[in-house]
Amino acid sequence: MKSTLEIIAVVAIVMSMVSCQKDSKPNYQYMPNMYEPVGYEPYGDYPVFPGGQEAMLPAEGSVPRGWMPYDYKNSNVGYQLAKDSLKNPVQYTAENLEKGKALYGIYCAICHGDKGNGKGHLVKREKILGVPSYDDIGRAITQGSIYHVMYYGINSMGSYAAQTSIEERWQIVQYVQKLKADLEGKPFTVKEEAVLTPPAVEEHVDAEAHEDATHQETTNNNAH
Amino acid sequence: MPKNLDDNSTYNMRQVKYRNSVAKVLILGTVFLFALFNPVMAQDEAATAPVVATSGGDIAKGEALFKSLCAACHKRYKKMTGPALFGVTERHSTEWLYSWIKNSAAMVAAGDAEAIAIYEEYNKTAMNAFPQLTNTDIDDILAYVSVPKAAPAPVVGQAPVGSGGDASGGVSSTVILGLLALVFLMLVVVLFLVNKTLRRFAELNGLQIPENEKRTPIWKAFVQNQFLILVSTVFLLLVSGYFVYGFFMQVGVDQGYQPIQPIHYSHKIHAGDNKIECKYCHSSARVSKTSGIPSLNVCMNCHKSISEVADATATEEYSKSFYDGEIQKLYKAVGWDADSQSYTGKSEPVKWVRIHNLPDFAYFNHSQHVSVAGVECQKCHGPVEEMEIMYQYAPLTMGWCINCHRETNVKVEGNAYYDKIHEQLSKKYGVDKLTAAQMGGLECGKCHY
């Protein structure tokens, strides 16, 4: 009897040791003051911020680098205006198309489908329904309306302005236009200027001379 | 075991027979329990929702059209971007609906009172025109939306076919384990009882059970053997040294860290079942040092439309009402009023608990690894698409970083930045592919400065 008691005691001790090893708490650190940052970490919780929240909206009126104002309003009128007059400032090149395709795969294809026919994975699983095909006659999307909808969102579709940059959105626009042309069975034409100057070829001609040239260019840009 | 019992019972007294039957009853009981569970589950799968048919228009065709064209903004029984469509035929005439669906904007412009009233009610949201729909198509759709909501019962019937198998697997595994434990316990009890009875018989029959004779206790023998003591001391020291080393090496390593998050967000459902790209939510991993915790507007991109999970999403562990409750937590945090389909403007931060954390003295940049090197997220974060609750997969130690830098070839194709340096270094090392280490990926200053 005594030995069984001992066995039970040993098992209990081992069990309690094992169960104390909790995964829901972070481990000890050797020198926490070398681990913990002095500055504020992204998404940190610090009493100095309202609500303790480091992640805040930028101060009103602040302009991020490379940002350009978007003049069209988030309204039916703004949508129509963008649809009629807004044009893609990014060149239609094969490279941009490729980038647009990658971004489309990340952000759009999950609902709109790889071919843009509105049959994405979420639609097939009936999580989100009613996603239109890009060749929908009633909508008749244009490059301006594609950008406008990505910027503000429309109806059930949210805005993607937080996840993409201006250039990235225009690259996606280019790819969406290609998908639309494919769906309609029309050829998708890459713009004339872009065809005349394929940038990829130029760089391989003379690496060193080119490097000097680009160096010159960057210094010039800096001076500006 | 039962065989022995039978043997005993034939030879001996009544009592034994009685015990035997107790065991039998227990076993039979277990079998009965098992039997009980199966029909219950079979019933679940068998139940189907009754199909309600109404006149005028093809419901199946209407359903397909509704799901592909209308469902973006309308639900049948719930307000969404547009009104709930059940009963729309009673609110408006069919002729009016034909022209409204084909081109609503024109009707508003023409000053149709009914049209303007709806346009104003829904914050001047213009309904898309559907010129491609014929009147028959519209009839089909109207037939579909006029199907009254089924009673709460269809919960089971509407579940996709695939779900049945999963659900039945979940229940029985715990039940079977419990029953197994019960059976083992019973065996132990039976053994004990048999032993006791046998001893009693031995006693009654006057048999002597031989006692073990006294020997030197084992610990005394151990102490007397000095060589054994020496060997075991060395062994103990080595073992304890091993464990002490192991303990000191894991200090500061958070592998397996799995905190409880304020909202139960399942990566398994989102990234696994629904195949949403990692970078959809963690979009700044492409362009910035931090991979980024998505702000709640990113959640709302989808959850504006998805206010509750499908029945098939619920698992044994987490019920549908649990998941729906978690979505409600999101709505509360972001300040979304599902009834009026608008933001209340009253939001509160969600205090996610950070899992992956490098010490301040080590620099790591996501964009360099995700965009430039093209490393899969799973390489460091593990099978996230299978994690119901997120945990830290990799140890995130320096040795772990360096191992990968030694093994991984740098992706130089199509990256003009690497052209020249690759040419020079590959000549220097005499290889045609360079690892990150050979490019200087092991220099202290690369990560510690």
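The values are calculated or read from the model by the stated rules, or taken from the named source; none is laboratory data. Bear in mind that the values here come from a model prediction, so they are computed numbers and not experimental data. For neighbour counting, all protein chains shown are included, and Cβ atoms are generated from backbone atoms with ideal geometry for every residue, glycine included.
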Kindly check whether there is at least one residue in region B:201-208 that is within 55 Å of the chain's Cα centre (by Cα) and free of Cβ contacts under 8 Å to residues at least 24 places away in the same chain.
no
Give the number of residues within region A:39-96 that are of a type in the set (S, T, N, Q) and either assigned to a loop (DSSP other than H, G, I, E, B) or at pLDDT below 85 (or both).
7
Contact list please: Cβ distance under 6 Å, first residue in region A:95-122 and under 20 Å from B:ALA64 (Cα atoms), second residue part of a loop (DSSP other than H, G, I, E, B) and aromatic (Phe, Trp, Tyr), pairs at least six apart or on different chains.
A:GLY116/A:TYR134
Take B:TYR391 and decide whether it is in a loop (DSSP other than H, G, I, E, B) and within 11 Å of another protein chain (Cβ to nearest Cβ).
yes
What are the pairs with Cβ atoms under 6 angstrom where one residue, in region B:61-84, is more than 7 Å from every other protein chain (Cβ to nearest Cβ) and the other, located anywhere, is aromatic (Phe, Trp, Tyr) and surrounded by fewer than 21 Cβ atoms within 10 Å (Cβ to Cβ)? Sequence gap at least six, or different chains.
B:ARG76/B:PHE86; B:TYR77/B:PHE86; B:ALA84/B:TYR77
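One line per residue, one yes/no per condition, for (1) buried (at least 18 other Cβ atoms within 10 Å of the Cβ); (2) small (Gly, Ala, Ser); (3) assigned to a helix (DSSP H, G or I); (4) touching an Asp or Glu at 6+ places or on another chain (Cβ under 8 Å):
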| position | (1), (2), (3), (4) |
| --- | --- |
| B:LYS220 | no, no, yes, no |
| B:LEU238 | no, no, yes, no |
| B:PHE248 | no, no, yes, no |
| B:HIS270 | yes, no, yes, no |
| B:ASN301 | yes, no, yes, no |
| B:ILE306 | no, no, no, no |
Could you grab the pairs with beta carbons closer than 7 Å, sequence gap of 6+ or different chains, first residue in region A:31-56 and within 23 Å of B:VAL251 (Cα to Cα) and facing chain B (nearest Cβ under 7 Å), second one of a type in the set (A, V, I, L, M) and loosely packed, with under 14 Cβ neighbours inside 10 Å?
none
Members of region B:106-134 that are more than 44 Å from the chain's Cα centre (by Cα), surrounded by 13 or more Cβ atoms within 10 Å (Cβ to Cβ) and within 13 Å of chain A (Cβ to nearest Cβ):
B:ALA106, B:VAL108
Single match in B:ILE263, B:ILE269 (criterion: hydrophobic (A, V, I, L, M, F, W, C), under 14 Å from the mean Cα position of the chain (by Cα), over 16 Å from A:GLY158 (Cβ atoms) and within 14 Å of chain A (Cβ to nearest Cβ))
B:ILE269
Residue under question is B:SER319, and the condition is that it be hydroxyl-bearing (Ser, Thr, Tyr), under 30 Å from A:VAL38 (Cα atoms) and not assigned by TED's automatic domain parsing to the domain that holds B:ASN409; does it hold?
no
How many of the residues making up region A:141-156 are free of Cβ contacts under 8 Å to residues at least 40 places away in the same chain and within 11 Å of chain B (Cβ to nearest Cβ)?
3
Close pairs from region B:342-367: first farther than 19 Å from B:HIS303 by Cα and within 9 Å of chain A (Cβ to nearest Cβ), partner surrounded by fewer than 14 Cβ atoms within 10 Å (Cβ to Cβ) and among the small types (Gly, Ala, Ser), Cβ under 6 Å, at least 6 apart
none
Only one of A:GLY130, A:GLY138 is within 8 Å of chain B (Cβ to nearest Cβ), touching a Pro at 6+ places or on another chain (Cβ under 8 Å), within 24 Å of B:CYS302 (Cβ to Cβ) and assigned to a loop (DSSP other than H, G, I, E, B). Can you tell me which?
A:GLY138
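Quick one: which of A:LYS101, A:LYS73, A:LYS87 is more than 19 Å from A:ALA181 (Cβ to Cβ) and not aromatic (Phe, Trp, Tyr)? Step through it out loud before you land on a result.
Numbers: A:LYS101 fails: more than 19 Å from A:ALA181 (Cβ to Cβ); A:LYS87 fails: more than 19 Å from A:ALA181 (Cβ to Cβ).
After applying the criteria, what remains is A:LYS73.
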Failed item, numbered, when A:VAL173 is tested on (1) at pLDDT below 70; (2) more than 13 Å from chain B (Cβ to nearest Cβ)
(1)
Which condition from (1) outside any helix (DSSP H, G or I); (2) in contact (Cβ under 8 Å) with a residue 12 or more places away in the chain is the one that B:ILE402 breaks?
(1)
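Give the residues of region A:106-127 that are on the phi < 0 side of the Ramachandran plot and more than 7 Å from chain B (Cβ to nearest Cβ), sorted by residue number.
Narrowing region A:106-127 to residues on the phi < 0 side of the Ramachandran plot: A:106-112, A:114-115, A:117, A:119-125, A:127.
Once the filter is applied, which keeps residues that are on the phi < 0 side of the Ramachandran plot and more than 7 Å from chain B (Cβ to nearest Cβ), region A:106-127 yields A:CYS108, A:ALA109, A:CYS111, A:HIS112, A:ASP114, A:LYS115, A:ASN117, A:LYS119, A:GLY120, A:VAL123, A:LYS124.
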How many residues are within 23 Å of B:GLY374 (Cα to Cα), of a type in the set (Gly, Ala, Ser) and away from chain A (no Cβ under 14 Å) when one looks only at region B:415-432?
1
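Among the candidates B:TYR418, B:TYR429, B:TYR393, single out the residue that is closer than 30 Å to A:PRO26 by Cβ and of a type in the set (Ser, Thr, Tyr).
Values: B:TYR418 fails: closer than 30 Å to A:PRO26 by Cβ; B:TYR429 fails: closer than 30 Å to A:PRO26 by Cβ.
Result of the check over B:TYR418, B:TYR429, B:TYR393: B:TYR393.
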